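Taking it in order: structure first as structure tokens, then the write-up.
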Amino acid sequence: MRTYVVAGGTNGMGRGLALYFLRRGDHVTVVGSDPARGRRFLDEAAGLGAAERAAFLRADLTAAAENVRVIKEIEARHDVLDGLVCTALRPFSQRVETADGYESTFALYYVSRFLLAYGLTGMLERGENPMIVNICGVGVTKGRIHWDDLSLKQGYSTIKAMLQAGRATDLLGVAYALNHPDARTRYLLHHPGFTNSGTDSLEQPAKTVIKLLARFAAQPVEKAIAPIIELMDDPPGKDGLLAYDRRRPLEPSLPSLDPAAAHRLYDVTRHLLRF
């Protein structure tokens, strides 16, 4: 019996993985912002006979303090973690600045994953075969880090914000592995491909467009999560960092996985968070 935390686990691939873990007898805590989805997850867990092994934590993961609270609550519930799965992500049609001063896409897609990964490392290191799974766009090389304007105060667009945060979360995995050379915890950057994860977080007209595309081109959640489960249960090699596009391993020499940029972003993030 293993113990997992799934950030963004009430919808899409996060929910799919959380329910899979419950079906095989594991403990799962999901984190999400929507209480209705949280209740639905708990009802589904009860239907599986897993009510005592399932928990929902409501949190706005765009806020640094909320991530810290989640870490403390997980530490109070468990002594050991076997996996942290990070899937929480939604686009913002307009620039929204968090109370911490971050652009919201950057806060949710990158800063939250940074805080949860480093904050839960102690518990993960006590796990049997621990892994952090970062579901992202690894392998995509478009977009860049806007070092002089991380909050995108100049020239914001949804795509620009998503691409920057995507590159940041790739570098997060690189920096984590470099900062934990002797750790037992593996870090998996995983690009699942186009997946029908739902459109509830989207606004019109993007919601209708994505729904139509998903009907004809997207893979179902069950297919998208299968390679992730395989890699979590039987990770290849001994490297601390794994980067995969579905079942295809990616070269560490990709420009989006540059160690120097990873160190630079880690240092900037530590300064911003006073970490």
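Laboratory data are not the source of any read-out in this text; all were calculated from the coordinates shown. These figures come from a predicted structure and were not determined experimentally. In this analysis, Cβ positions are derived from the backbone assuming ideal geometry, glycine residues included, and neighbour counts consider all displayed protein chains.
Looking at the chain only, what percent of DSSP beta bridges run antiparallel? Nearest 5 please. DSSP beta bridges in the chain are roughly 10 percent antiparallel.
Evaluated over the chain, the count of Lys pairs having alpha-carbon atoms less than 30 Å apart is 13 (only pairs 8 or more residues apart or interchain).
Taking a ≥ b ≥ c as the square roots of the eigenvalues of the Cα gyration tensor of the range 3-273, is the shape rounded (a/c under 1.5), prolate (a/b larger than b/c) or oblate? Rounded shape, in that the Cα axes give a/c under 1.5.
Taking 0.36 nm per residue of separation and subtracting the current Cα-Cα distance, fully stretching the chain between I229 and R248 would add 5.4 nm. Across the range 147-159, computed HN-Hα scalar couplings (Karplus, 6.51 cos²θ - 1.76 cosθ + 1.60, θ = phi - 60°) run 4, 8, 7, 4, 8, 6, 6, 10, x, 5, 8, 4, 5 Hz from first to last residue, x flagging Gly and Pro. Sorting I74, I228 from the fewest to the most surrounding beta carbons within 10 angstrom yields I74, I228. In this structure the amide hydrogen of G127, modeled in the peptide plane, comes within under 5 Å of the amide hydrogens of L81, none closer than 5 places in sequence on its chain.
On the basis of the beta-carbon distance and an R0 of 30 Å, V268 and K72 show a calculated FRET efficiency of 0.75.
Ordered by the count of other Cβ atoms within 10 Å of each Cβ, fewest first, D34, D43, D79 give D79, D43, D34. Treating each Cα of the range 75-210 as an identical point scatterer and summing with the Debye formula, the log10 of I(q)/I(0) at q = 0.13, 0.16, 0.19 Å⁻¹ comes to -0.61, -0.88, -1.14. List the trypsin sites (Lys or Arg not before Pro) in the range 118-197 that DSSP assigns to loop (not H, G, I, E or B) and whose Cβ has at most 16 other Cβ atoms within 10 Å. Which are they? Loop-located and lightly packed - R126, K142, R144, K153, R184. Annotation for R40 and R58: the two label points, set 7 Å from Cα along the Cα-Cβ direction, are 1.6 nm apart.
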